[in-house]
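A short write-up of the structure that comes next.
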Amino acid sequence: MNTKMGGKSIILRLELQTEQIHFGQLITVITENGGDVIAIDVIQTGSNWTVRDITVAASEQSQLEAITARMKELEGVRLIHVSDRTFLLHLGGKIEMKPKSPIQNRDDLSRVYTPDVARVCLAIHEKQENAYNLTIKRNTVAVISDGTAVLGLGNIGPYAAMPVMEGKAMLFKQLADVDAFPICLNTQDTDEIVATIKNLAPGFGGINLEDIAAPRCFEIEDRLRKELDIPVFHDDQHGTAVVLYAGLINALKVVGKRIDEVKVVVCGIGAAGIACSNILLAAGVKELIGVDRSGALVRTEEYSNTTWNEYAQRTNPHLRSGSLHDVIEGADIFIGLSAGGILKRADVQRMAADPIVFVMANPTPEIQPDEIEDIAGVIATGRSDFPNQINNVLCFPGIFRAALDCRAATINEEMKLAASAAIASVVSQQELNKLYIIPSVFNQEVVRRIRTSVIQAAIQTGVARRTPREFLQGDASAQAELQEQA
Ligand SMILES: NC(=O)C1=CN([C@@H]2O[C@H](COP(=O)(O)OP(=O)(O)OC[C@H]3O[C@@H](n4cnc5c(N)ncnc54)[C@H](O)[C@@H]3O)[C@@H](O)[C@H]2O)C=CC1
Ligand SMILES: CC(=O)C(=O)O
Ligand SMILES: [Mg+2]
């Protein structure tokens, strides 16, 4: 497994005195300290000196620090500067806005701007629905966070949340051609968040809520869903649940177990953990135990977090109590949506045969896959640098593509289940194995299949306000594709 992939990398700009140091010596120092040289660029050369940019990747930040320190000590080497490639990619932000057509003369100006734009405004004023045809609304989603549960980093605030929201916007565009705006709100007050989102909704065809901590995220989403006529989708809840269920459909096939016979432990009963539990209960799981910091949630206890009281009523049928280490005994499936490093190899050893271990906390999973590779039936993480990436990025671009295309009023349970089945179907029976239960983010079939299945589900459940042409005509290829996925 290449743990350096997608990991840390730096560019070292070095001036080398070629009579004092050979390039081979440098490479040896880098590899001895755990680095891989992945690119070399010559910047300048003289008769007995050269300036080079050396791109070095490593699995740990400490290795890169050791390599940098060694460069400073070597005879004949001057370290000019070190750049972190990830930070370079973020300079000035990751996205920009571009006009669809240039404004080259006064005639263009008067049409895109005043006076002619006024006629377009009035057409929308007369019939509000025209906003879908005459503005960016029909293809635009707002990605909105208050910065309270950013990845696994916690409440880091709206400024620090922006890089994640920009990243989500990039993915919306690249994977599904949806235009997305990253918006981070400088308030953590539920009423203010609801009011702000309602007020900015007119320009958007959908709202993707992101990284808002539980339990506030539930109220915010519920209220917005009631009050807005566009889809409101809390990605950390529903996107994660959709992809988790897709992965589980296939993982169960790999280990030969049935969903109604497995014991499941979900750790981290926050936004993602509750939504994932809900989809599993709906899919037929009978024994599901939720665990948070204080241990297993059990209905005989009273929690100050009222969401947990309601959760405990629906789960843990045998009233198991104790820590994660107690209740994991005999479990077939562990789902981690909590914090890095909290699951131990000894815990996995106490699970049932061929345990399914989905350690989805970001950026650090509950246990490093390398520690349990030999004892787990199937392992998945939320990250790009291990096989089986269970991450909501597999869902949100496709599900919003579908919702926008059929102008869905909401994204309902049937549409989510259709998305899970579509994602799972991308991995064929022949391809399916413990290292490949879920398709890659870059597999173009993912968005295509989600779109087809989700639009179909929206039409069947009466929430589509527009029927795309291929569905109107009972298009043969869309029908064939649906049958293939069934
Ligand atoms: N792979 C994926 O697609 C996704 C992964 N995540 C990850 O899941 C984690 C949780 O995200 P959210 O549900 O949005 O956050 P959240 O803040 O709503 O919930 C986190 C829950 O985990 C609990 N927790 C924290 N440390 C714990 C520990 N040591 N033991 C037991 N429980 C613990 C917290 O008390 C809280 O209830 C984060 O690491 C996030 O990055 C979230 C969404 C999608
Ligand atoms: C993937 C994601 O949305 C998260 O970790 O919060
Ligand atoms: Mg998130």
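Values quoted throughout were computed directly from the atomic coordinates according to the rules given, and no laboratory measurement underlies them. Quick caveat: nothing in here was measured; it's all calculated off a predicted structure. Virtual Cβ from ideal backbone geometry, glycine too; neighbours counted across all protein chains shown.
Straightening the chain between Thr461 and Ile80 buys 130.9 nm, computed as 0.36 nm per residue apart minus the Cα-Cα spacing.
The mean sequence distance of close C-alpha pairs (under 8 Å, at least 6 residues apart), as a share of the length of the chain, puts its relative contact order at 11 percent.
Hydrophobic long helices, here whole DSSP H runs in the chain with Kyte-Doolittle means of at least -1.0 and Cα atoms spread over 27 Å or more along the helix axis, are found at 157-176. When you count the other C-beta atoms within 10 angstrom of each residue and take the mean per peptide, 24-35, 398-409, 293-304 line up highest first as 398-409, 24-35, 293-304.
Assuming charge only on the beta carbon of Lys and Arg (+1) and of Asp and Glu (-1), the dipole of segment 237-486 about its Cα centre is about 620 debye to the nearest 20. Per-residue ellipticity at 222 nm, computed for the chain from helices alone with -39500 (n - 2.57) per DSSP H run of at least four residues, works out to -11500 deg cm²/dmol. How much of the calculated P(r) for segment 224-323 lies past 25 Å, in percent of all Cα pairs? Percentage above 25 Å: 24. Charge tally for Val243 (other residues, Cβ to Cβ under 11 Å; Lys, Arg +1; Asp, Glu -1): 0.
Once the gyration tensor of the Cα atoms in segment 119-230 is diagonalised, the equivalent ellipsoid follows with semi-axes of 26, 17, 10 Å, ordered largest first. Rank Ile43, Leu89, Ala69 by how far each Cα sits towards the positive end of the charge dipole of segment 8-90 (+1 on Lys, Arg Cβ; -1 on Asp, Glu Cβ) and give me just the farthest. Highest projection toward the positive end goes to Leu89.
Only one residue of Thr410, Pro439, Leu171 has its Cα farthest out toward the positive end of the dipole of the chain, where Lys and Arg carry +1 and Asp and Glu -1 on Cβ, and that residue is Thr410. Taking the Cα centre of segment 287-388 as origin and assigning +1 to Lys and Arg Cβ atoms and -1 to Asp and Glu Cβ atoms, the resulting dipole is close to 240 debye. Its alpha carbons considered, segment 90-129 gives a radius of gyration followed by a Dmax of 14.9, 43 Å. Per-residue extension of 0.36 nm, minus the Cα-Cα distance of Glu32 and Gln128, leaves a gain of 28.0 nm for this segment. Sorted into 20 angstrom bins from 0, the C-alpha pair distances of the chain split as 21, 48, 26, 5 percent.
Straightening the chain between Leu319 and Thr45 buys 91.4 nm, computed as 0.36 nm per residue apart minus the Cα-Cα spacing. Once the C-beta distance of Gln17 and Gln61 is scaled by a Förster radius of 51 Å, the resulting FRET efficiency is 0.95 to the nearest 0.05. Amide H contacts of Ile367 (H built 1.01 Å from N, in plane; Pro and chain starts excluded): Gly341, Leu343 sit under 5 Å, all sequence-distant by 5 or more or on other chains. For segment 406-434, the residues whose backbone nitrogen is under 16 Å from a point 7 Å from the Cα of Ala282, taken along Cα to Cβ, are 409-424. Rounded to the nearest 20 debye, the dipole magnitude of the chain is 1020 debye, with +1 charges on Lys and Arg beta carbons, -1 on Asp and Glu beta carbons, and the Cα centre as origin.
The Cα trace of segment 302-380 gives Rg and Dmax of 13.5, 40 Å, the first to one decimal, the second as a whole number.
Directionally averaged projected area (segment 398-469, Cα convex hull): 5.0 nm².
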